[in-house]
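Single-structure report; data block below.
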Amino acid sequence: MLPLALVAALSCAAVQPGPQQPRSFALPTPALFGTFGNLARDRLEFAAGATGVTATGTLGGAATTLTGALHDGAFTGEGKRGEAAATSARAAFTGETLVVTLGDGEWRLAPELALDATLADLGNPEPDAERQWTVAIYLAGDNDLEPAALRDLLEMQRGMPARGCAVVALIDRHADAEDGADEWSDTRVLRVQPGDDGTFTRLGPVVERDTGDPRTLASFVSGVFRKFPAKRHAVILWDHGGAWTGMCVDEDAPGQKPTTQLGLAGIRSGLTTALQTSGVLKLDLLGFDACLMAQLDVALAVHDLADSMVASEANVPGSGFPYDQVLPQFAIDQDGAAVAKAIVRDYGTFSDANSKSGATLAAFDLAAAPAVAAAVDGVALAALTASDQQWRAIARALFFAENYETRENRIADDTFASIDLGDFAARLRGVPGIADDPLTTLDRALASMQLAVYRGNERSLSRGLSIYGPHRAGQYQQAYDRTPLGLGNDWRRLLRRVHQLADADTSPLAIDNVRQLDALGKNSTTARPFGGDRLLLDVTGNSIVQVEAEQWQFDDGLGAWVLLRRELVVDPLWPARWATAAAADMIDLVMPQYVEGKNELFHELGGLSFVVTDGSLQTYASIDLTAPSTQAPLTAVARYTETATGEVRLVQVSFDRAEWNACAFQPIARPGQAPRKVEPVPGDTFEFVLATRDDAGERTPTFTPALTMAAGGLALLAVADDPGRYRVDFTARTLQGRTATTSHDYTVADNADLAAWPASWQDFDPARLAGSWQQFLVTGPQQYRDLHTTCDVAATTAANLFVVTMRGGAPGNEFETHPLWLFEWRSLPCLRIVSRIEDGQKFGWYGPVRVSEQDGKLRLAMKALNASGVVWEWRQR
Amino acid sequence: MKLLTTGSLLLLVACATPEFAQFSPLPATIVGHREARPLWSLVVPDGWQVRNSDDDVLYAFEAPPKNGRHLVYRTLHVATAAAVAADDDAGLGEAAQRLLIERRTNDELVVQERGAARLAGRDAWFVRGTMRGPAAGWTFDVLDYCVPGTPVSLVISFTAPAPQLAASRAGFAAIAATLETSLGAPRLRGGDAQRLDGGRLTLRLPAAWQRLDDGAGNGAELARFRRGGAECNVSTRLGDAPLLAQFAEAAAKAPNEARDFRLLSIDRSPRGGHRAVRVRSAWRGAAGTVIADDTAVLAGAHLDVVSCRVPAAEFAELAPEIDRALTSLRWQ
């Protein structure tokens, strides 16, 4: 036992010297250029000159000069420190640490950015013995999130404790032409103090800075930490997030730069510099109030810069962290883990209360991140070993694992491809050749790293931490090679191997044997609206993930085919799986459960199309229904004219899935153009895009007559297909992006029976819907499945609006829900059934409804338009 | 040609040099009277006249018996000067000599010797050289002493016509040696010398570092100093080269990414001629980040260790003081 304080400290378990564990990740090695420093104020600046490389600065308090040259990324030469004689010198990287050896000394330095004095020099320090925490919040709002940044700033003020912590925000605002003359758009450092008047104490001068520049981050955080010394330190990075690709988008950086953002390397260098220059060894807490940042590569990039991390796997709504609840946590004498867990708890409470059912947030112990990386390496190695035989299973696990994008984006090339790591691992269990041990090790490592996890109702499969998991080669971004896992883990090798094997796959893929049947199962070439007509088709291939159907109508006037809707072929029996299936996205649940080889699919020819109406006119539009999750809307593209300015822009109009009213207008920005908000007012017009094509397959867009925005907005109506020629194109897609197509032509004829649907309501008072009903699923002509579900319908004070108590379920799995029924005429008599699931999220069935009477009891039939082949029938009890 | 040149130079020198009266050698034992001032006193030899003096200044001179037409004197001048600022003893000497030289800038002093002395039981420094006289061709020998102190320093200056210092130097030194002073010790930025372990080891720390009770029952601990949130401990034990190596190895093996600890530097440069290891690291204490600066020196059979713990927020201010303290380490 040595009596030396240092050696005693080194004897602590936490720093017990031992054999170095192989690292299963790596951080990019910096270039030997620029400034390197450490917390002891050792600092050298390396510069290349005509005669070699020189470094000047201070080591161990003595002026130091090195001169020499670079060889293989290392510096060798000679150096002089203080009054000592010149001696040999060497500087080389060990990992990211620059180790400078000069004579008998060795100094460990890290890259350090030059600070921007306007942000870093905030005046004399203001010590406060009561201060527990200093929190630096980096509001990168120079983009379309600016309004949310301003709201959060006000929220911070409301939640700011009177004492116990200092909170300082840097906010960079957008130079939005729509701002008023008194609106500023530059970058300011504001001290948050208690109040509710929206006024803040500005620290430092007014400047315009690039929040995508790591120097801005470094300077701000360094300045705040030096100005307000505290026992503990936190940084919260606020903005759009893109997982390992980075965050903090600045669309209006000074100097007419293109849009910038902080990559992982920028976040790391910015925080490293801030910590070194402010004398802070580590952050106690690093928060990401941004989408998708709870990813393993993000955690690894900052694993040694902070104790705890708070971040979300999923998208974070614009409301972000509930700062009015979060900030008081920083006034308490508690460590970063405790605050992180409190933020997760408060965010969860807030999300549950505000219908954010897709939200997630987790708190992490960053020291455990390397162990998770090692466990991922083990899983990747096991999967690699089995990949020749099992690549399809691995690819399916990548595709179907919990993820945070729409189905459309998941299969696109430019996907974020962020999947839940724990759910992915769970999907590998049982795959032949992949042992359970590495998966169990990963589970345990994840459990050690996760301090707290919140998941909204729609994120039941989220375990807290995601990983980059593109399921096919076209999605893989080469830049991932430079991430911590990309540089030093078999995970990247596994991804590339799976992609390589998928690319080499030449197994047959085909759609054929398309048969059109009528309601009685007889072959047919004519369909009738609501007539029970359907197609059966065979899809043969491996790793099929979806079959898309495009419904075309031949327009005699145009002499061309008109696209009415795009949708996915779904499994009409999916409701039977509803209660028990675990799927990342509802779409994974409603899709046919494709098997390797031959799959027989069912596609209803429902005979219905959608039209868009402004209340007086109605027009077809090419409607996209390919994202049938509970949250995803139906969409159409339109040419929008803002009457006040005459400006014309393309927008995507979203219609609420449950209510079919236009609920959002998303501008379609041109490359390099910042999207601007679209907020239509009465009088503005929309010309919807109709995709057309000729018989040769040449597609061209055409525009419908203009609909005028009215007070009631825009809405969808369901109409029966007009008689004429129709075509449905099927496209099967595999995991690796291979496709096969086929077409089927048919005609639509009038359905004389359809007249009975509206007619049935002519003399019927909808108030009679009140009562008790038994629910059935119609599986064919005169074929019913008793769902053993009772619907007790009660009238409300509103006309045609009913509240329903729905009870059912097998013994031991009973359920009770309380949907609303709304009867209304929308071209046809329709019933809308809207469930507000636990957190208030809407989920609905919608379709034409017919009432009839049999044996003195009412019967109610509804063709659900948002589920192929689903027809419900209720029988009055 | 060579002879001609030499002859011309000799001629020029002969023409430019005034003929001064010759002073008799000044004895090394001074007999005289003590001139006292508020901060100091000094013995003025018998036969010297005191004029133009006040509470701070003493001016005395001796005229030779046959002073000739040039009327030159052997002089003594004592005055106060600004306190000398320095980090440590070595710096103090440099600063004191620099003060002496700067005071003679207008006299075109040519320095011929620098040195140290002990006056009034304290360190003093001197400068010897020549300076021009009040008229062309006049040259005087100069011997100036500086005694650094607080609140002021003391400057004792002697002059004699050149080249007669040889006959006067021992006497000048003897006069200076009669100095008695109540000046405070010079205030070094590096602090007073702390004599530890019976004077075996000394180091300097600025006065702002409060020395705490020695020992505290631990025989190995020699002293503890505290300033603000920082603390430096000096300890010793019997040690040998393997122990020193163990100290260094333990530091070198500490994983850089270990939680709450980061190794910053290991410096094996000798100190005071002894083998040494200085290790700097950072970790987190209860109140935030702490910089640890540990230096172990193998001095004979002793392994002496200076361990400093400095809150990171105070490190920028205190690091130079610790650097100077380590530089000031001396062993008997």
Farthest toward positive dipole pole in the protein assembly as shown [+1 Lys/Arg, -1 Asp/Glu at C-beta], among A:616, A:265, A:44: A:44
Can you sort B:308, A:291 by how many other beta carbons sit within 10 Å, fewest first? A:291, B:308
Run the quick spin-label model on residue A:679 and residue A:413: label points 7 Å from Cα toward the beta carbon, then report their separation in nm to one decimal. 3.7 nm
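With +1 assigned to the C-beta of every Lys and Arg and -1 to the C-beta of every Asp and Glu, and no other charges, what is the dipole magnitude of the protein assembly as shown about the Cα centre in debye, to the nearest 20? Numbers along the way, then the final one.
On the way: 114 positive and 146 negative charges, 832 e Å.
With Lys and Arg at +1 and Asp and Glu at -1, about 4000 debye.
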With charges set only on the Cβ (+1 for Lys and Arg, -1 for Asp and Glu), what does the dipole of the range A:21-112 come to about its Cα centre, in debye to the nearest 20? 80 debye
Could you compute the net charge surrounding residue B:296? Neighbours are other residues with a C-beta less than 14 Å from the C-beta of residue B:296; K and R count +1, D and E count -1. -1
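Would you count, across chain A, every pair of lysines whose alpha carbons are under 20 angstrom apart, provided the pair is eight or more residues apart or spans two chains?
Numbers: A:227/A:282; A:231/A:282; A:231/A:341; A:282/A:341; A:341/A:356; A:356/A:842; A:842/A:863.
Close lysine pairs under the 20 Å cut-off: 7.
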Dipole of the protein assembly as shown, positive direction: furthest Cα of A:124, B:43, B:159, with charges on the beta-carbon: B:43
Sparse-neighbourhood loop hits (GluC sites (Glu not before Pro), the range A:26-124; DSSP loop; Cβ within 10 Å at most 13 others) -> A:83
With springs only between Cα atoms under 10 Å apart, run a GNM on chain B and tell me which of B:296, B:83, B:220 wobbles the most. B:220
Going toward the positive end of the dipole of the protein assembly as shown, with +1 on Lys and Arg Cβ and -1 on Asp and Glu Cβ, which of A:154, B:308, A:374 do you reach last? B:308
Inside 10 Å of the C-beta atoms of A:79-89, what's the mean count of C-beta atoms belonging to other chains? 1
Work out how much length residue A:460 to residue A:703 would gain on full extension: take 0.36 nm times their residue separation and subtract the Cα-Cα distance, in nm to one decimal. 83.3 nm
Can you tell me the orientation of helix B:312-327 relative to chain B, as the angle in degrees between its alpha-carbon axis and the longest Cα principal axis, to the nearest 10? 60 degrees
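Take chain A, mark every one of the chymotrypsin sites (Phe, Trp or Tyr not before Pro) that falls in a DSSP loop and has at most 12 other Cβ within 10 Å, then report the longest stretch left between them, sites excluded. Don't jump to the answer; show the numbers that get you there.
Numbers: sites that count: A:184, A:578.
Answer from the scan: A:185-577.
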Take the Cβ-Cβ distance between residue A:201 and residue B:287 as r, set R0 to 22 Å, and report the resulting FRET efficiency rounded to the nearest 0.05. 0.25
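Which is the longest run of chain B containing none of the trypsin sites (Lys or Arg not before Pro) found in DSSP loop states (not H, G, I, E, B) with at most 12 other C-beta atoms within 10 Å? All intermediate terms of the calculation are to be shown ahead of the outcome.
Working: sites that count: B:51, B:66, B:69.
Result, exposed sites excluded: B:70-332.
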For chain A, return all DSSP H helices satisfying: extent of Cα atoms along own axis at least 24 Å; mean Kyte-Doolittle hydropathy at least 0.0. A:336-353, A:369-400
Alpha-carbon Debye profile of chain A, log10 I(q)/I(0) at 0.05, 0.06, 0.09, 0.10 Å⁻¹: -0.34, -0.49, -1.02, -1.21
Förster radius 25 Å - calculated FRET efficiency between residue A:765 and residue A:817, Cβ distance, rounded to 0.05: 0.45
About its Cα centre, the range A:277-412 carries a charge dipole, from +1 on Lys and Arg Cβ atoms and -1 on Asp and Glu Cβ atoms, whose size in debye to the nearest 20 is 440 debye
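If neighbour count is taken as other Cβ atoms inside 10 Å, put A:448, A:616, A:387, A:466 in order from fewest to most.
Values: A:448 16, A:616 9, A:387 22, A:466 35.
Listing A:448, A:616, A:387, A:466 from fewest to most nearby Cβ atoms yields A:616, A:448, A:387, A:466.
Can you sort A:681, A:849, B:111 so the residue with the fewest Cβ neighbours within 10 Å comes first? Walk me through the numbers before you get to the answer.
Working: A:681 10, A:849 25, B:111 14.
The order, fewest Cβ neighbours first, is A:681, B:111, A:849.
Values quoted throughout were computed directly from the atomic coordinates according to the rules given, and no laboratory measurement underlies them. Keep in mind that this is a model prediction, so the values were computed, not measured. For neighbour counting, all protein chains shown are included, and Cβ atoms are generated from backbone atoms with ideal geometry for every residue, glycine included.
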